Amino acid sequence: MKISFPHMGHSFIAFKWLVEHLGHECIVPPEPSKKTLDLGVRYSPEFACIPFKILMGTYLEAEEMGAEVILTSGGCGPCRAGYYWVMHQYLLEEMGSKLKVVAFEPPMLDIRDFWKKLSWIRKSGKVSWKHFIEVMKITWEKIKAIDDVEIHSHEIRPYEINRGDTTRAVARALEQLDQADTISQIKEARDAGVKLLDELPRDRGRNPLKIGIIGEIYVVLEPSANHYLQIMLGEMGVQTHRSIYLSGYARESTISNGGEAIYQVAKPYLDELCIGGHGVNSIGETILYARHGFDGVVQLAPFSCIPEIVAKSIIPSVSRDFDIPVLTLFIDEQTGKAGVQTRLEAFVDLLEMRRQSKEEAARLVV
Amino acid sequence: MKKAYLGVDVGSVSTNLVVLDEKGSVLTGKYLRTSGKPIATVQEGLYAIGQEIDQNLNIVGAGATGSARYLIGMIIGADIIKNEITAHAVAASAVARGVKTIIEIGGQDSKIIIMRNGVVTDFAMNTVCAAGTGSFLDQQASRLCIPIEDFGKYALNSKNPVRIAGRCAVFAESDMIHKQQLGYNSEDIIAGLCEALVRNYMNNVGKGKEILAPVLFQGGVAANQGLVTAFNKLLGMEVTVPPHYDVMGAIGAALLARDWAAKKGQTKFKGFNIQEISFKTTSFECKGCSNACEVVQFFENGELLARWGDRCGKWEMQAV
């Protein structure tokens, strides 16, 4: 089968490898562009959020390139994204498309459905379970290695002397990772990528601000959906860490994802039923970023996203209690980045002034 | 020769220029309509200001702000280029020491800036909607055939403001038309619109912000007395409109240029007579990778001065 999937940052490198090694042909989804947006907006309900529209456009582009099946994820609400694949399938059929959307729901929700879909992919690709598991393992290593390189690049970029050095080095590192087929090759490529970044000329005298990025998963993970926010901030001289990395779910990191812990952290502010999406995470992660000494937080939310709107209205009290400024950016069809840039520049000015006046106060005490 | 500082603020609707003296007082200021031509407006505005000011003044620092700040910064030879939020905050705290809240409403955007102890602690700017900003008021004034300068006076003459939906400019307009067709007078409708805009501002931009006095109201829209009254009523406190409310962004840019000049040396300012120079921008789509970045090229008298817009920095470096 010719399989495609949603484009989320650099993850397509790992998913491409996965699809190809499960005995299928991969149609690599193009990075969301103006064309993707035009297609998506044209065929989506007006009131759907931007991730829905971008995915709609991506699926149509993938079909044009020959895709027969889209693999994506489901979800169990209350955020409406869990229902998006059903809606996408329905709209595609209405347009007369033959594209089939297959979504994996969380296994705990319906283990039989999960198993059925997994077996279908394995059988149609004619691979054994042993091979299947092996391929899964290697894919997982690839996802982790890609994230490692990206995480490191966001730490390095604010020190770069020539604008763009880091971005170009990341591209080279990812090319090497794309070629790696075994666990040891992946490790080698990862280490080479990290080394490449470390060797870039940098100004070590700088003292960059640290900003945490929180919000809805798609606009956080897909740079083309958020005006390449992390690169923009990096080039303004800011280190960024985002709350969501695909590999983060199962890995230990300073800012945890999804797990029970984040609900515990957010509990004093939101002790109601689950509000869906990443709403609770956004509240909890703001607290965690404050505890880890970050200077500020940027919240990314698709326009009309209920979970993030709920989080946004709670965040001012978190921000006051933990003394950490939060800037919320709503993301919709607008592609002009000037507005985002103005707000980010002002936010960075604010954080810098705060740091200066804090240092000033500390000096006076001494 | 006396030292002076220039600030230029080029926004969507207006282009503002000011010259400040060493103490930060405004020597002269200009509020012009951008009319979609920022380069020509700045060239003409600079020339006019150059004619007006004392010939003994020497500009030793120039600053640019507003949404066209990078473009204009290159044209005038600015020493410092700063976003309009910071510029407005700098100007407000110079004009009114101890200011805690700044309401700024311009042509396309509205912002709130919260300051404590002279430092910006929080701000917000309208995101996806321009309801309640200057352009919408302009449009309504011309629909009612009332000069925009008199719009506020009409509101003040109202005894019973009509309730107008304020969530979105389109809703507000159709609501206004419905009320007008029912026979309400213009004064009451305009006053109602002012109240709706203030409600909209407070619900969108001002949401969750701690608004403490003293409150400064600046930006071109602060000329509207009807809005000032509506803010006073809703906030339950007096908002102050500073004397140079319409050019505060430019004042901020000039003050930042003064700070810059105190630290660094020679200004890059090209002088007031730049209307002879031809500035041109062109753009092309880079074919280097799938990103297809739109690269903008900036020419001065046919010579390539700068390139921007490429994400990887490839073209930008070649231009330098």
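List of remarks:
- GNM top mover of B:98, B:36, B:24 - chain B, alpha-carbon springs below 10 Å: B:36
- Residue with peak Gaussian network fluctuation, chain B [Cα springs, cutoff 10 Å], from B:114, B:85, B:177: B:177
- Mean accessible surface per residue for the range A:143-207, computed with a 1.4 Å probe while every protein chain stays in place, in Å²: 48 Å²
- Averaged over B:81-91, number of beta-carbon atoms from partner chains that fall within 10 Å: 4
- Inverse mean reciprocal Cα-Cα distance (Kirkwood Rh) of the protein assembly as shown, Å: 27.5 Å
- Taking the chain by itself as reference, the range A:164-205 contains these residues with an accessible-area loss of 30 Å² or more in the full protein complex (1.4 Å probe, heavy atoms): A:168.
- For the range B:231-296, the C-alpha radius of gyration sits at 1.99 times the compact-globule guess of 2.2 N^0.38 Å, with N the residue count.
- Considering only the protein assembly as shown, percent of DSSP beta bridges that pair antiparallel, nearest 5: 50 percent
- Measuring nothing but protein heavy atoms, the accessible surface of the protein assembly as shown at 1.4 Å probe radius is 54 percent carbon and sulfur.
- Interface residues of the range B:259-295, defined as a loss of at least 20 Å² in heavy-atom accessible area between the chain alone and the complex of all protein chains with a 1.4 Å probe, are B:291.
- Spatial separation of Cα centroids for the range B:68-111 and the range A:1-57, in angstrom: 40 Å
- As a rough guide to protection, the peptides A:274-281, B:305-312 ranked by mean Cβ packing within 10 Å, highest first, stand as A:274-281, B:305-312.
- Summarising the amide proton neighbourhood of residue B:116: residues at separation of 5 or more, or on other chains, whose placed amide H is nearer than 5 Å comprise B:121.
- Buried area at the A-B interface (accessible, heavy atoms, 1.4 Å probe, summed, Å²): 2300 Å²
- Shown in residue order for the range B:247-256 are the 3J(HN,Hα) couplings computed by the Karplus curve 6.51 cos²θ - 1.76 cosθ + 1.60 at θ = phi - 60°: 10, 4, x, 5, 4, x, 5, 5, 5, 5 Hz (x for Gly and Pro).
- Counting only DSSP beta bridges whose two residues both lie in chain B, roughly 70 percent are antiparallel.
- Alpha carbon convex hull of chain A, projected area averaged over orientations, nm²: 19.2 nm²
- For the range B:242-279 and the range B:131-208, distance of Cα centres in Å: 35 Å
- Residues of the range A:1-36 with amide N under 15 Å of the 7 Å Cα→Cβ point at residue A:102: A:1-6, A:16, A:18-27
- Just checking the listed ones, B:79, B:188, B:54: in the Gaussian network model of chain B with Cα springs under 10 Å, the one fluctuating most is B:54.
- Whole-Hz Karplus values for the range A:350-357 come out as 4, 5, 5, 4, 4, 4, 4, 6 Hz, taken residue by residue from phi with 6.51 cos²θ - 1.76 cosθ + 1.60 and θ = phi - 60°; glycine and proline positions read x.
- Lysines with Cα under 28 Å of residue B:2, excluding same-chain neighbours fewer than 8 positions away: B:23, B:30, B:82, B:263, B:264, B:268, B:270
- Mean-position separation - Cα centroids, the range A:124-194 and the range A:67-90, in angstrom: 27 Å
- Average accessible area per residue (Å²) across the range A:1-90 - probe 1.4 Å, nucleic acids and ligands excluded: 42 Å²
- Cα point-scatterer Debye curve for the range A:2-127, base-10 log of I(q)/I(0) at q = 0.11 Å⁻¹: -0.36
- Residues in the range B:279-319 average 57 Å² of solvent-accessible surface per residue, probe 1.4 Å, ligands and nucleic acids excluded.
- q = 0.09, 0.18 Å⁻¹, the range A:144-278: log10 I(q)/I(0) [Debye, one scatterer per Cα]: -0.32, -1.07
- Proximal lysines relative to residue A:358, as straight alpha-carbon distance under 17 Å, when same-chain residues fewer than 8 apart are discounted: A:210
- Stretch gain in nm, segment residue B:304-residue B:138, where the contour uses 0.36 nm per residue and the Cα spacing is subtracted: 56.0 nm
- Close amide H partners of residue B:126, meaning residues 5 or more places away or on another chain with modelled amide H under 5 Å apart, are B:110.
- Multiplying each eigenvalue of the alpha-carbon gyration tensor of the range A:83-137 by 5 and taking the square root yields semi-axes of 26, 15, 8 Å, largest first, rounded to whole angstroms.
- In order through the range B:296-302: 3J(HN,Hα) via Karplus (6.51 cos²θ - 1.76 cosθ + 1.60), integer Hz, x for Gly, Pro: 9, 10, 10, 10, 10, 6, x
- With a Förster radius of 56 Å applied to the beta-carbon distance between residue A:332 and residue B:56, the computed FRET efficiency rounds to 0.60.
- The label point for residue A:341 and the one for residue A:117, both projected 7 Å from the Cα toward the Cβ, are 4.0 nm apart.
- Three semi-axes describe the equivalent ellipsoid of chain B; taken as square roots of 5 times the Cα gyration tensor eigenvalues and ordered largest first, they are 36, 24, 19 Å.
- Only beta bridges with both residues in chain A are counted; by DSSP, about 5 percent of them are antiparallel.
- Packing, as the average of other Cβ atoms within 10 Å across residues, places the peptides A:293-300, A:58-65, B:251-258, A:103-110 in the order B:251-258, A:293-300, A:58-65, A:103-110, highest first.
- Long-range tail of P(r) for the range A:208-366 (Cα pairs > 29 Å, %): 16 percent
The values are calculated or read from the model by the stated rules, or taken from the named source; none is laboratory data. None of the values given here were measured: they were computed from a predicted structure. Cβ atoms come from the backbone with ideal geometry, glycine included; neighbour counts cover every protein chain shown. Just the protein is used for accessible areas: all its heavy atoms, side chains included, with ligands, DNA and RNA removed. Shrake-Rupley method; radii C 1.70, N 1.55, O 1.52, S 1.80 Å.
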